[in-house]
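In what follows, a structure is listed as structure tokens, so that the remarks can point back to it.
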Amino acid sequence: MGLHPIILCGGAGVRLWPASTPAAPKPFLPLLGGHSLFQRTILRMAALAAAEPPLVVAGAAHVAQARRQTEDLRAPASFIVEPEGRDSGPAVVASALWIARREARGLALVVASDHHIPDEAAFAASILRASPAAERGEVVTFGVLPTYPATGYGYIQPGEGLDGVEVARVERFIEKPDAVRAADFVAAEYLWNSGNFLFRVDRLIEEARLYVPDLVAAVEQAMAEGRQTPGLLELGPSFRLAPKLSIDVAVMERTSRAAVAPIAYAWSDLGAWDAILEASERDAAGNAMSGPVEARDCRDSLVRASDGAQVIALGLRDTVVVVEQGRMLVSAMGALGGLKAATEALAIPSPGRRADPAKARERLRAWLRTEALPLWWCFGADHARGGFHESLDTGAGPTGAARRVRVQARQIHVYATAGLIGWAGPWRTAMDHGLDYLTRWYGRDDGLFRALITAEGAPLDDGAQLYDQAFVLLALASAARAAPERAGEFRHRADALAGAVARSFGRPDGGFRAHETDETLLSDPIMHLFEAVLAWAALPGAEAGAVSWDEWADALGRLVATRVLGEGRMTIGEAFDDGWGPAAGLEGRIVEPGHQFEWAWLMERWGVARDDAATRRLARSLFAAGERGVDPASGLVVDEMLDDFTLHARGSRLWPQTERLKASLILGRGEGGAWEARALAAARAIELYLACPTRGLWRDSPRGVAADDERPAAASSFYHLIGAIAELEG
């Protein structure tokens, strides 16, 4: 039976700021000199007798560091890449499943990548002692004999010893205690929970299926979706759907197979700077100094200076000083417990920070109300000829471009929405201004709306597209909601347009073609038609007219779930053949991450309205697919990928960032946590596009993309921006 080490590279190491940051977290830093903690763990695994090369689990943002540091040691290893950290439970289950494919009853050793165990021989001996229990089916954790009443560790109460092996049954697990309880636990011979485990992979999988079947199902789906190359498995988007649970909570606290092996060697999780001092080589006065430091009359202190910094330390007692790339920590050793809160107060990036989402919301809200809405009404509306300009140059001057009906409809929707979220400006005047122009210049005799006219009103494209009709329907729904006294008038107009759409674009299978003159099938027009129909279905009296908007919404939702998405497909593509399969060639493989977020937002709305859990799960799956299109280097959503999640178009336009924010807000409503972090990331991304000399305008690419800096601001993007900010309003 082979021994398969699993090294988990999670954790941000916030309590080791400023050395540990989200970009360069604790495991990959040489905090004790020489090799990084991760490299020390690799070497410790290599020293185990008969051990296979380790399996390393790391996030997408850090796998490159892990591979590089492994290669520097010339040590073989395999890697599982998580698209998002979901705590240790999903990571361990994925690793066990990966190993089980190679050895069904293989023995797995789970270790953290950043623990300090100086006595490698004692570590190896403890694995050897615990192996018989694991081989016979126990799930063994390692409990450290306490050396003091620590409040930073969880505890294990050992029970009866197991026959024939040097382990005991686990009586119970206890979370981190206060000082009084910690002293009681030490007196009662409880053990520190080291977070390291030894088990047979088939046993762990069996227990996980029993206690957390939804977690196992999500991990298995993510493995099936994933991309595999020699020595590397990139988990698919369904991994984000796995419950965020530690392996302790998911399995160890529930299973009757939990056992604990006591260990007496030196061990530390190096969770804070006082632990780093304790584990470091110290001088006769108890100090640990590294870098260009001159210390005099100091005792029991840690001083670190990175390259480019110089530190003089005089008369320190029990003090920590760390200088790293322009950041500095100065703390009494006993005050380090306040470090995490201090980083949050300084707005230093760290997981779980809760102040910034409120600040981001207020910045975007203020930008919309005090800058964008007034500017686009003053300069973006044509107050002489009517309607709205297609775009504004960098000085807010109109470009004179031809005017698409979709832009007129979107701007009507923008100002109606502005009224609904409480903007005190002339939203009703702007809305009516657009409605009058739309009726006067774009309507055709058959009830549809033409695509394009000149700025002077002459038709340029008399054809009708489903995409355009959808936005006219949405504009009418938004106007009816904002001005309920005119709702009957707008509903009558929408009913007439709905009938014209069915006659000119409808298909026998319940779907709709994109153009009135050919059979092209595209998902984008269907998406916006669904949006408009859902908007009408949500209005009071939706069934009062000639159209049953509820029935139409359900028919479109079923079409999307069963045909547009299609059985076995993880994403909604852009172009389709006549049977709703992907179009032939490259066209059928293109997937826009921004559209996955839009679809997720719509399916969540439909699922909530119908109280349908399956539809809401589908929404989360589509969101997870969209997240595969977030570039880990820039944090921005890319324009296009292929159906296997490989990058196709490297650009990152504005609108996908807004749709990521909108979807993360609706899906995470009331949940916080990871959803809040996603929303914050999207909000920060959007702000990159709003940094224009003329406030209230935007760029279509983030600031600094030279080719885009001087391009006009397209009015069409206002629809996306106000949609995201309106979702922020809740």
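The base-10 log of I(q)/I(0) for the chain, evaluated at q = 0.09, 0.10 Å⁻¹, reads -0.89, -1.02 [Debye formula, identical scatterers on Cα atoms, solvent excluded]. In this structure C378 has an accessible area near 80 Å², from a 1.4 Å probe over the protein heavy atoms. For region 48-138, which whole percent of the accessible surface, found with a 1.4 angstrom probe, sits on carbon and sulfur atoms? Whole-percent figure for carbon plus sulfur exposure: 51.
Quarter the surface of the alpha carbon convex hull of region 584-711 and you get the mean projected area, 9.4 square nanometres.
For region 450-535, would you read off the P(r) tail past 15 Å as a percentage of all alpha carbon pairs?
Result for the distance tail: 61 percent.
When only C-alpha pairs under 8 Å and at least 6 residues apart count, what is the relative contact order of region 539-692, in percent? In percent, rounded to a whole number, it is 18. Cα centroids of region 84-119 and region 550-603: 36 Å apart.
Rolling a 1.4 Å probe over the protein heavy atoms gives the chain an accessible area of 40 Å² per residue.
Calculated mean residue ellipticity at 222 nm for the chain: -12500 deg cm²/dmol, from DSSP H runs with n ≥ 4 weighted as -39500 (n - 2.57), summed, divided by the residue count and rounded to 500.
Calculated from the alpha-carbon coordinates, region 1-104 shows an Rg and a Dmax of 13.7, 43 Å respectively.
Shape index of region 507-610: Rg/Rh, with Rg the Cα radius of gyration and Rh the Kirkwood radius from the inverse mean 1/r over Cα pairs, equals 0.98.
The convex hull around the C-alpha trace of region 153-218, projected and averaged over every direction, spans 6.0 square nanometres. Inter-part distance, region 192-222 to region 372-397, computed on C-alpha centroids, equals 58 Å. Based on Cα contacts under 8 Å between residues 6+ apart, the chain shows a relative contact order of 10 percent.
Of the beta bridges in the chain, as assigned by DSSP with both residues counted there, near 55 percent are antiparallel. Straight-line reach from K662: which lysines have a Cα under 20 Å away, not including same-chain ones fewer than 8 places off? Cα-Cα hits under 20 Å: K359. Computed over every Cα-Cα pair of region 354-477 and binned at 5 Å starting from 0, the pair-distance distribution P(r) comes out as 2, 11, 20, 21, 18, 12, 8, 4, 2, 1, 0 percent. Relative to the longest principal axis of the Cα atoms of the chain, helix 523-537 runs at roughly 80 degrees.
Over all other residues within a Cβ to Cβ distance under 12 Å of R410, the charged ones net out to 0, with Lys and Arg as +1 and Asp and Glu as -1.
Size check on region 154-265: the Cα extents along the three principal axes, sorted descending, read 50, 36, 28 Å. Averaging the sequence gap over all C-alpha pairs within less than 8 Å and six or more residues apart, then dividing by the number of residues, gives region 592-676 a relative contact order of 33 percent. Note that region 259-316 shows a convex hull volume over its alpha carbon atoms of 101 Å³ per residue.
The values are calculated or read from the model by the stated rules, or taken from the named source; none is laboratory data. Just so it is clear, the model here is predicted, and its values are computed rather than measured. Every residue, glycine as well, gets a Cβ built from its backbone with ideal geometry; the counts of neighbours run over all protein chains shown. To get the accessible areas, we keep the full protein, side chains included, count just its heavy atoms, and leave off ligands, DNA and RNA. Shrake-Rupley method; radii C 1.70, N 1.55, O 1.52, S 1.80 Å.
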